[in-house]
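> Dropping the structure in here first, questions after.
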Amino acid sequence: MNKTNFIQTGGWPLKGERLQEMQTAYQTLNAFGALAGNLTIISGCELVGSTVKNGFVYIDNELLEFREAVVAVDSTVIIIEENVDRAFKNGVVKTVHTIRYATFGTNPEESWLWSDFIRPLEIKTLNARIGLIEKKLAIFQQGGVVFAWFKPLNQIP
C-alpha cells in the first residue's frame, strides 16, 4: 500500500499531485466490493417498516453510499451525482468535488431493481459450509467408499 508522510518539518508541499495520490488511494477501496459481487448490499440497508435505512452497496465496480428511502415492490436504485462548487480567487466558480450515492428513484438510462440486490453471506459462514460439504463428499474421492449395486451391470449410470 502506498503511504504519505504528512508529519514533517520544513513545510509540507501540499500540491495537486499529493491530493491526486490520496484520491487514487481511495479508489482502491472499490476492489473490496468485488469480493461480494455486483449488485450487493455491503452493509446496512436494513428494512425498517417500508424504509430501507442508510448503508453501502456495490454497483458496477463502485462502492457507493446508499441513502435511506421508502421502498416499494418495484423500486429501482439509481445513482445520484451532486456537484460541490466553490469560487476560486479569480472569481470563477468551478466544481471541486462530486458526491455520488445510490438511492431509490427513476432514471430511464440506468437503474437497477432493488429486488436484484443480495446480501452475501459472511466469509466465515461460507468457509464453514464449504468445510461441511467437503466432509460429506470425501467418500466419493479416489480410494473412497464402494457402494453395492443390486441391479444389472447395464443399468449402472
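The values are calculated or read from the model by the stated rules, or taken from the named source; none is laboratory data. On a predicted model such as this, the values are computed, not experimentally measured, just so you know. Neighbour counts are summed over all protein chains in view; Cβ atoms, including those assigned to glycine, are modelled from backbone coordinates with ideal geometry.
> Mind counting the residues in region 55-99 that are of a type in the set (A, V, I, L, M) and more than 22 Å from G44 (Cβ to Cβ)?
So the count comes out to 5.
> Continuing with the same structure: Taking the condition of being under 13 Å from P120 (Cβ atoms), part of a loop (DSSP other than H, G, I, E, B) and of a type outside the set (A, V, I, L, M), how many residues in region 3-61 meet it?
Of the residues in region 3-61, 3 are under 13 Å from P120 (Cβ atoms), part of a loop (DSSP other than H, G, I, E, B) and of a type outside the set (A, V, I, L, M).
> Taking region 69-96 only, how many residues are within 25 Å of L39 (Cα to Cα) and in a strand (DSSP E or B)?
Residues that pass the stated criteria total 10.
> Considering only region 1-45, how many residues are touching a residue at least 40 places away in the same chain (Cβ under 8 Å) and among the charged types (D, E, K, R)?
Here the count works out to 0.
> Let me ask something else about it. Looking at region 97-110, which of its residues are among the polar types (S, T, N, Q) and part of a strand (DSSP E or B)?
T98, T103
> Go through (1) modelled with pLDDT under 95; (2) part of a helix (DSSP H, G or I); (3) farther than 30 Å from Y26 by Cβ; (4) under 31 Å from the mean Cα position of the chain (by Cα) one by one and return the number of the condition A138 breaks.
Going through (1) modelled with pLDDT under 95; (2) part of a helix (DSSP H, G or I); (3) farther than 30 Å from Y26 by Cβ; (4) under 31 Å from the mean Cα position of the chain (by Cα) one by one, A138 breaks only (4).
> Sticking with this structure for a sec: Name the one entry in V71, V48, V52 that is among the aliphatic types (A, V, I, L, M), surrounded by 14 or more Cβ atoms within 10 Å (Cβ to Cβ), more than 22 Å from Y26 (Cβ to Cβ) and without any contact (Cβ under 8 Å) to a residue 60 or more places away in the chain.
Exactly one residue qualifies, and that residue is V71.
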